[in-house]
Amino acid sequence: MLKKTLAIVLSVFLLALCSAGIAGQADKPAPKDETLTLDKVPEAARNALKKLMGDNAATSLAQRGKKDAIRYEGHWTADGKKYEAVVKADGTLILTEAEVDAKEVPEVVQSAAKKAAAEGATLAFIKIRQEQKDKTFFEVRATKNAKTQEFVFDAAGKEVDDDVADEETEDDDDASSED
């Protein structure tokens, strides 16, 4: 009887221990992209980012992706506007994002954004440029009464899925490309 009770107590203890371990794993955040300093970015990528940033300091730098698909992403502010660029290790420019004034946005995009947004919303524009694909998109943030809607339009004013604008490269081995 004592052996049976001891076995049950031990089994319950081991089950509780395993459950706690599994629960602890679930509470851990997913691995994040590695945050870097400019001196840790490969020379070609660093030079490409420095050229884009000019005299402006990076507000954040990160390494994204794995093995052959590693990308370096830099963020900075210039003249009160936020900018972002994504480059390959060899310095190839993949993607740029820049806050822009409405006057820099095609009228067809502005019109489509006004139609899609809540009436009277304040519109903010971000120009997204996929350099390798020679494509331009505009992310629009429409804010009214502390609520924000986001839309993405191509340069012709057609609303597109935001994943299309986030697609960074046309490489066949890139996880974001379509087969």
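With a Förster radius of 41 Å applied to the C-beta separation of Ala44 and Val100, the computed FRET efficiency comes to 0.90.
Can you pull the semi-axes for segment 33-91, root of five times each eigenvalue of the Cα gyration tensor, sorted largest first, whole Å?
On the way: eigenvalues 73, 26, 17 Å².
Output for segment 33-91: semi-axes of 19, 11, 9 Å.
Measuring between alpha carbons in the structure, the pairs from Lys40/Lys103; Lys50/Lys135; Lys88/Lys115; Lys82/Lys135; Lys66/Lys133 lying more than 31 angstrom apart are Lys40/Lys103; Lys88/Lys115.
With both labels modelled 7 Å from their Cα along Cα-to-Cβ, the Lys51 to Lys115 distance reads 3.9 nm.
Report the gain in length on full extension from Ala62 to Glu159: 0.36 nm times residue separation, minus Cα-Cα distance, nm rounded to one decimal. Intermediate values should be presented prior to the final figure.
Values: separation 97, 0.36 × 97 = 34.92 nm, distance 2.92 nm.
Result for the pair: 32.0 nm of gain on full extension.
Would you kindly work out the equivalent ellipsoid of segment 55-151 from its C-alpha gyration tensor and give its semi-axes, the square roots of five times the eigenvalues, largest first in whole Å? Please report the intermediate quantities before stating the final value.
Details: eigenvalues 162, 45, 32 Å².
Here the semi-axes work out to 28, 15, 13 Å.
Full extension of the chain segment joining Thr143 with Lys81 gains 20.5 nm, where the gain is 0.36 nm per residue of separation less the Cα-Cα distance.
Just so you know, all these numbers are worked out from the coordinates, no wet-lab data involved. Computed from a predicted structure; not experimentally measured. Every residue, glycine as well, gets a Cβ built from its backbone with ideal geometry; the counts of neighbours run over all protein chains shown.
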